[in-house]
Amino acid sequence: MAIDTIFIMVVSIIGIFFLLFLFSGKFPAVGKDLYCNTFFHLASSNFFPEPIRQSQDYCTSKDKDRATIFQANPRIFTRSTLADGSTTARISGSGVIILSMPEDARIMSSNFTFFTKQNLTSLSLDVGNDGTSESTILAPPANERFAVISQQVTDEIYRQLNNSAKPCLLGECQIPMTINAGDNVTLAGMEIEYFSCGIINTAIAQMKLCNERSIDSAENIICGEIAVSSQCQPAVADSAEIAKRLMKENLCEELPMESSGCGAGEKVIWDLAQINPANNILIEYRGSTKQIAVS
């Protein structure tokens, strides 16, 4: 073998060993990250003698220091139930139904379907019970279903939702709507289409996963980060509101917030008062206190 070839091989081997020892020491995270994704696979193999062979678990914990990014973007939903969970309602002449919408909803469209056996003179909808009808159908057909699709009704539902005092109970705002028909009529169905980011629901789901992942570990773990879209609506989210949501989901035993009336103990440290668009929410596990912190 030529001397030049031997020289190149020796220099290459020395270079590899230099890089291995450089990046496997306690250098900044970027150095270790590069090492774990390149030379680690060689350094931990049986190719190297055991005294200088890299431990197999050297790089296994690196994911604990890296947050997984979750996107909270507006999604389209359809609400087809009233506040009491029913999908239909019987109205005798005049009556009030209660709509229930997420407090961050942006209403896109509404469709209310009715049925009557009577010959009605008219049927009108008054969203918010302010005495002003947003939609009136003259002489609606009898013995067949008919729909009320009105942009005015949609706009008023959205306006009433925005004017509701926040936070709404369990994140759901209730909006009354009076139906005037003059005789018996049945609300046979409804569809309200809306945008919602569901930020608080996403945060609670990630808190639950973080708790399951940590298993009372002594190490700190960055579980995830929620990137809130600039198109989302602001949401009131103090510790009292989060405790109510945990109660609703029967999670007070798993994620107790005793100081806010949810379960026994303080598993969750909630350090937010409101969630705003274009902000990030960090969810982490603190090994020293064995708590889930949200900030």
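Take region 234-270 and flag every residue that is out of contact with any helix residue (DSSP H, G or I) (no Cβ under 6 Å at 6 or more places or on another chain) and surrounded by 20 or more Cβ atoms within 10 Å (Cβ to Cβ).
Matches in region 234-270: Glu241, Ile242, Leu246, Leu251, Lys267, Val268.
Restricting to region 107-143, give me the number of residues that are out of contact with any strand residue (DSSP E or B) (no Cβ under 9 Å at 6 or more places or on another chain) and under 19 Å from Arg79 (Cβ atoms).
0
Working only within region 186-214, note down all residues that are more than 8 Å from the chain's Cα centre (by Cα), in contact (Cβ under 8 Å) with a residue 60 or more places away in the chain and more than 25 Å from Leu82 (Cα to Cα). Don't jump to the end; show me each part of the working.
Going through region 186-214, the residues more than 8 Å from the chain's Cα centre (by Cα) turn out to be 186-196, 206-214.
Then keep just the ones that are in contact (Cβ under 8 Å) with a residue 60 or more places away in the chain; that gives 186-196, 206-207, 210-211, 213-214.
Selection gives Gln206, Met207, Cys210, Asn211, Arg213, Ser214.
Which one of these is surrounded by fewer than 16 Cβ atoms within 10 Å (Cβ to Cβ) and either touching an Asp or Glu at 6+ places or on another chain (Cβ under 9 Å) or more than 26 Å from Leu169 (Cβ to Cβ) (or both): Ser110, Ser100, Ser122? Lay out the reasoning, then the answer.
Values: Ser110 fails: surrounded by fewer than 16 Cβ atoms within 10 Å (Cβ to Cβ); Ser100 fails: surrounded by fewer than 16 Cβ atoms within 10 Å (Cβ to Cβ).
The conditions single out Ser122.
Taking the options Phe70, Phe112, Phe77, name whichever one is more than 21 Å from Val148 (Cα to Cα) and either more than 26 Å from the chain's Cα centre (by Cα) or in a strand (DSSP E or B) (or both). I'd like the intermediate steps shown before the answer.
Details: Phe112 fails: more than 21 Å from Val148 (Cα to Cα); Phe77 fails: more than 21 Å from Val148 (Cα to Cα).
On inspection, the qualifying residue turns out to be Phe70.
This table checks each residue for (1) modelled with pLDDT of 95 or more; (2) under 30 Å from Glu225 (Cβ atoms).
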position: Lys62; (1), (2): no, yes
position: Gln71; (1), (2): no, yes
position: Gly93; (1), (2): no, no
position: Ala105; (1), (2): no, yes
position: Thr113; (1), (2): yes, no
position: Ser124; (1), (2): yes, no
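Thr132: surrounded by fewer than 16 Cβ atoms within 10 Å (Cβ to Cβ), part of a loop (DSSP other than H, G, I, E, B) and polar (S, T, N, Q), yes or no? So that I can check it myself, show each step before the final result.
On the way: surrounded by fewer than 16 Cβ atoms within 10 Å (Cβ to Cβ): yes; part of a loop (DSSP other than H, G, I, E, B): yes; polar (S, T, N, Q): yes.
So Thr132 fits the description; yes.
The values are calculated or read from the model by the stated rules, or taken from the named source; none is laboratory data. Every value quoted in this text rests on a predicted model; they were computed, and no experiment measured them. When we count neighbours, we look across all protein chains shown, and the Cβ atoms used for this are built from the backbone with ideal geometry, even at glycine.
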